[in-house]
Amino acid sequence: MYFSSIFQDPERMMDILQSSLMPMLKGALYYSIPLTLSSFVIGMALALLTALARLSNVSIFRGIARVYVSAIRGTPLLVQLFIIFYGLPNLGLNIDSFPSAVIAFSLNVGAYASEIVRASIESIPKGQWEAGYSVGMTYRQTLKRIVLPQAARVSIPPLSNTFISLVKDTSLASLVLVAEMFRKAQEIAATNYQFLLVYMEAAFLYWVICFILSIAQDRIEIRLSRHIAK
């Protein structure tokens, strides 16, 4: 009966949707999107360092990188988030909610993306390395000028998927009091008790954001393929 009453009253339903739209969009603009971008940028820097450490000839670097990747991939993101925000204060490390979320998401992205970067580097034929050495380049120069640009092209599709997944994962930041989009949806639903309607609206907004990012991903891949063809 209650379900029928709200969905059989289009005017009230539209009022609820309209009143909740702007707060959720502000949550996305001020928190969800900045959280996604900052975490992805930091995570990619970690991913590159970790991938290079995994490929290093120095065993201690390989060991540290392997433990890091294994620890992050073997534990839930939510647990990592709670450890940083709720657990570290027991050690006297009090970190605000937004920086805590950035740290947790960055570490998570770094671990997963490092395997993508490592696989992309390893996919480059050894002849490319030899070509660099043959013209007098050092290992670092060959990596920077020849190997990484090609590896970047190979890794764009899976890294784009990682970025899109991160957009959705930012909803977990609501559990550590970050006022992102889903947190706003929770606050709105708690006042009007229209949980299904408000959460469906939040899901739709997440889908729109991810759909736009998917279109951008397709265009980047098309442009790269055209560039290669030339």
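Just a few scattered comments:
- Qualifying residue in segment 117-137 (condition: in contact with a helix residue (DSSP H, G or I) (Cβ under 6 Å, 6 or more places away or on another chain), within 19 Å of Ala47 (Cα to Cα) and of a type in the set (Gly, Ala, Ser)): yes
- Check on Tyr139, farther than 22 Å from Ala65 by Cβ and without any contact (Cβ under 8 Å) to a residue 24 or more places away in the chain: no
- Of residues in segment 123-140 being exposed (fewer than 14 other Cβ atoms within 10 Å of the Cβ) and within 30 Å of the chain's Cα centre (by Cα), the one nearest to Ser32 (Cα to Cα): Ser123
- Test: Ala101 is surrounded by 14 or more Cβ atoms within 10 Å (Cβ to Cβ), of a type outside the set (Ser, Thr, Tyr) and either under 25 Å from Arg62 (Cβ atoms) or modelled with pLDDT under 95 (or both): no
- One residue alone among Lys126, Lys144, Lys168 is among the basic types (Lys, Arg) and under 19 Å from Tyr206 (Cα atoms), and that residue is Lys168.
This table checks each residue for (1) under 19 Å from Ser160 (Cα atoms); (2) among the charged types (D, E, K, R); (3) in a helix (DSSP H, G or I); (4) in contact with a strand residue (DSSP E or B) (Cβ under 6 Å, 6 or more places away or on another chain).
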residue: Ile103; (1), (2), (3), (4): no, no, yes, no
residue: Ser114; (1), (2), (3), (4): yes, no, yes, no
residue: Arg118; (1), (2), (3), (4): yes, yes, yes, no
residue: Ile124; (1), (2), (3), (4): no, no, no, no
residue: Gly127; (1), (2), (3), (4): no, no, yes, no
residue: Tyr133; (1), (2), (3), (4): no, no, yes, no
residue: Arg145; (1), (2), (3), (4): no, yes, yes, no
residue: Leu148; (1), (2), (3), (4): yes, no, yes, no
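- Considering Gly63, Gly43, Gly74, the condition of being closer than 30 Å to Arg118 by Cα and surrounded by 15 or more Cβ atoms within 10 Å (Cβ to Cβ) is satisfied by Gly43 alone.
- Leading residue by the ranking (modelled with the lowest pLDDT) among those in segment 157-169 that are over 26 Å from Val198 (Cβ atoms) and surrounded by fewer than 17 Cβ atoms within 10 Å (Cβ to Cβ): Pro157
- Ile72 vs. criteria aliphatic (A, V, I, L, M), at pLDDT 95 or above, in a helix (DSSP H, G or I) and within 30 Å of Cys210 (Cα to Cα): yes
- Residue count for segment 100-151 under the criterion of being over 30 Å from Leu88 (Cβ atoms) and β-branched (Val, Ile, Thr): the result is 7.
- Pairing residues of segment 62-88 that are closer than 15 Å to Ala173 by Cα with residues that are hydroxyl-bearing (Ser, Thr, Tyr) and in a helix (DSSP H, G or I), at Cβ distances under 6 Å and at least 6 apart in sequence or on separate chains, gives Ile84/Ser100; Phe85/Ser100.
- Residues of segment 77-98 satisfying the condition of being loosely packed, with under 13 Cβ neighbours inside 10 Å and either of a type in the set (A, V, I, L, M, F, W, C) or within 14 Å of Leu46 (Cβ to Cβ) (or both): Val79, Leu91, Leu93
Here's the yes/no breakdown for (1) over 29 Å from Asp96 (Cα atoms); (2) at pLDDT below 85; (3) outside any helix (DSSP H, G or I):
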{"position": "Ser171", "(1), (2), (3)": "no, no, no"}
{"position": "Glu187", "(1), (2), (3)": "no, no, no"}
{"position": "Thr191", "(1), (2), (3)": "no, no, no"}
{"position": "Glu201", "(1), (2), (3)": "no, no, no"}
{"position": "Trp207", "(1), (2), (3)": "no, no, no"}
{"position": "Ser214", "(1), (2), (3)": "yes, no, no"}
{"position": "Ile222", "(1), (2), (3)": "yes, yes, no"}
{"position": "Ile228", "(1), (2), (3)": "yes, yes, no"}
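The values are calculated or read from the model by the stated rules, or taken from the named source; none is laboratory data. Only a predicted model underlies this, so the values are computations on that prediction, with no experimental measurement involved. Note: ideal-geometry Cβ built from the backbone for every residue, glycine included; neighbour counts use all protein chains shown.
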